[in-house]
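Everything below concerns the one structure shown next.
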Amino acid sequence: VQLQASGGGSVQTGASLTLSCAASGQSFSRTAMGWFRQAPGKPREFVARITGTGGSTYYADSVKGRFNVSRDNAKNTMYPQMNSLKPEDTAIYYCATHRSGAIGVLQPDFYEFWGQGTLVTVSS
């Protein structure tokens, strides 16, 4: 399984940015996916999760109402759209596959394969 995250960059406060995570080597449509982020000096933090069909999503309170995650299973790609960005959203963003059978969704241990990360910098 390989995950390739892209779309990061430097933006100003209030801007929008759409990331993408392309997957290969697995049955993408049957796999729930998650997004995490890690700011300098801080632990990896859950951002969002989407089910394999895309019919259900779950967000961290810190991004709820501002971020929206979707997926295109025909393209094996997941898209987190980030709106109203704040300086505290600055981090490396990672996509990951949710571990089959895992009940939890918030901790990195519940995810199996990880992309390399893409940096998002939000300046005030």
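The values are calculated or read from the model by the stated rules, or taken from the named source; none is laboratory data. Predicted model only: the values in this text are computed from it and were never measured. Methodologically, a virtual Cβ is constructed for each residue, glycine included, from the backbone with ideal geometry; neighbour enumeration extends over all protein chains shown. Only protein heavy atoms, including side chains, enter the accessible area calculation; ligands, DNA and RNA are left aside. Shrake-Rupley method; radii C 1.70, N 1.55, O 1.52, S 1.80 Å.
Filtered by the rule that a residue be open to solvent by 60 Å² or more (accessible area, probe 1.4 Å) and in contact (Cβ under 8 Å) with a residue 24 or more places away in the chain, the stretch 52-87 gives THR53, TYR58, LYS75, TYR79, GLN81, SER84, LYS86. Can you name the residue in the stretch 49-85 that is among the β-branched types (Val, Ile, Thr) and under 13 Å from the mean Cα position of the chain (by Cα) and is also nearest to THR31 (Cα to Cα) among such residues? Of everything passing the filter in the stretch 49-85, THR51 is nearest to THR31 (Cα to Cα).
The conditions of being touching a residue at least 40 places away in the same chain (Cβ under 8 Å) and in a loop (DSSP other than H, G, I, E, B) are not met by ALA5. Of all residue pairs spaced 6 or more apart or on separate chains, those with beta-carbon atoms under 9 Å, a first member in the stretch 14-30 that is at positive phi and exposed (fewer than 12 other Cβ atoms within 10 Å of the Cβ) and a second member that is in a loop (DSSP other than H, G, I, E, B) and of a type outside the set (Ser, Thr, Tyr) are GLY14/ASN83; GLY14/LEU85; GLY14/LYS86; GLY25/VAL1. Name every residue in the stretch 31-51 that is surrounded by 16 or more Cβ atoms within 10 Å (Cβ to Cβ), within 18 Å of THR90 (Cβ to Cβ) and not charged (D, E, K, R), in order of residue number. Result: TRP35, PHE36, PHE46, VAL47, ALA48. Filtering the stretch 96-109 to residues that are surrounded by 14 or more Cβ atoms within 10 Å (Cβ to Cβ), under 12 Å from ARG44 (Cβ atoms) and of a type outside the set (Gly, Ala, Ser) leaves only PRO108. Among the residues that make up the stretch 104-114, is at least one of them touching a helix residue (DSSP H, G or I) at 6+ places or on another chain (Cβ under 9 Å), over 15 Å from LEU17 (Cβ atoms) and in contact (Cβ under 8 Å) with a residue 24 or more places away in the chain? Yes, there is a match, as at least one residue in the stretch 104-114 is touching a helix residue (DSSP H, G or I) at 6+ places or on another chain (Cβ under 9 Å), over 15 Å from LEU17 (Cβ atoms) and in contact (Cβ under 8 Å) with a residue 24 or more places away in the chain.
Looking at the stretch 47-86 only, could you name the residues that are in contact with a helix residue (DSSP H, G or I) (Cβ under 8 Å, 6 or more places away or on another chain) and hydrophobic (A, V, I, L, M, F, W, C)? The answer is VAL63, MET82. Scanning the stretch 70-111 for residues that are under 30 Å from SER124 (Cβ atoms) and assigned to a loop (DSSP other than H, G, I, E, B) yields ASN83, SER84, LEU85, LYS86, THR90, LEU106.
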